[in-house]
1. Of 95, 5, which residue is in a loop (DSSP other than H, G, I, E, B) and modelled with pLDDT under 95?
2. Can you pull out the residues in the stretch 18-41 that are touching a residue at least 40 places away in the same chain (Cβ under 8 Å), more than 17 Å from residue 97 (Cβ to Cβ) and part of a strand (DSSP E or B)?
3. Evaluate the stretch 20-39: report whether one residue or more is loosely packed, with under 11 Cβ neighbours inside 10 Å, in contact with a helix residue (DSSP H, G or I) (Cβ under 9 Å, 6 or more places away or on another chain) and modelled with pLDDT under 95.
4. Does at least one position in the stretch 78-89 carry a residue that is touching a residue at least 24 places away in the same chain (Cβ under 8 Å) and either part of a loop (DSSP other than H, G, I, E, B) or in contact with a helix residue (DSSP H, G or I) (Cβ under 9 Å, 6 or more places away or on another chain) (or both)?
5. Part of a strand (DSSP E or B), touching a residue at least 24 places away in the same chain (Cβ under 8 Å) and surrounded by 15 or more Cβ atoms within 10 Å (Cβ to Cβ) - does that describe any residue in the stretch 48-63?
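The values are calculated or read from the model by the stated rules, or taken from the named source; none is laboratory data. Note that the coordinates shown come from a computational prediction; the quantities given were computed from them, not determined experimentally. Don't worry about glycine lacking a Cβ; one is built from the backbone with ideal geometry, like all the others, and counts go over all protein chains shown.
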């Protein structure tokens, strides 16, 4: 499966019940904010997976507490960095729903 999100995308999240195949943001103290897809849900934790099967993540295939989930991604903006009179600025180039 191709990755829906790319490095540099701006994402918007909201609090909602977690479902399988939704993309969530997780705050893991040792790693920071992680964006992954929900693989399975139980009563007290979720199991995450990445969209890119060629990359391995220490977060995937491990139990992640619901308390660590910040929210579900619902909207994104693909951006591009351009140089404008010697200053780097971020320009939106595509809006998408997740």
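1. Numbers: 95 fails: in a loop (DSSP other than H, G, I, E, B).
So the residue among 95, 5 that is in a loop (DSSP other than H, G, I, E, B) and modelled with pLDDT under 95 is 5.
2. Residues satisfying the conditions are 26, 27, 28.
3. Looking for residues that are loosely packed, with under 11 Cβ neighbours inside 10 Å, in contact with a helix residue (DSSP H, G or I) (Cβ under 9 Å, 6 or more places away or on another chain) and modelled with pLDDT under 95, one finds at least one in the stretch 20-39, hence yes.
4. Scanning the stretch 78-89, I find no residue that is touching a residue at least 24 places away in the same chain (Cβ under 8 Å) and either part of a loop (DSSP other than H, G, I, E, B) or in contact with a helix residue (DSSP H, G or I) (Cβ under 9 Å, 6 or more places away or on another chain) (or both), so the answer is no.
5. To start, the set of residues in the stretch 48-63 that are part of a strand (DSSP E or B) comprises 48-49, 63.
Then keep just the ones that are touching a residue at least 24 places away in the same chain (Cβ under 8 Å); that gives 48.
Within this subset, residues satisfying the condition of being surrounded by 15 or more Cβ atoms within 10 Å (Cβ to Cβ) are 48.
Yes.
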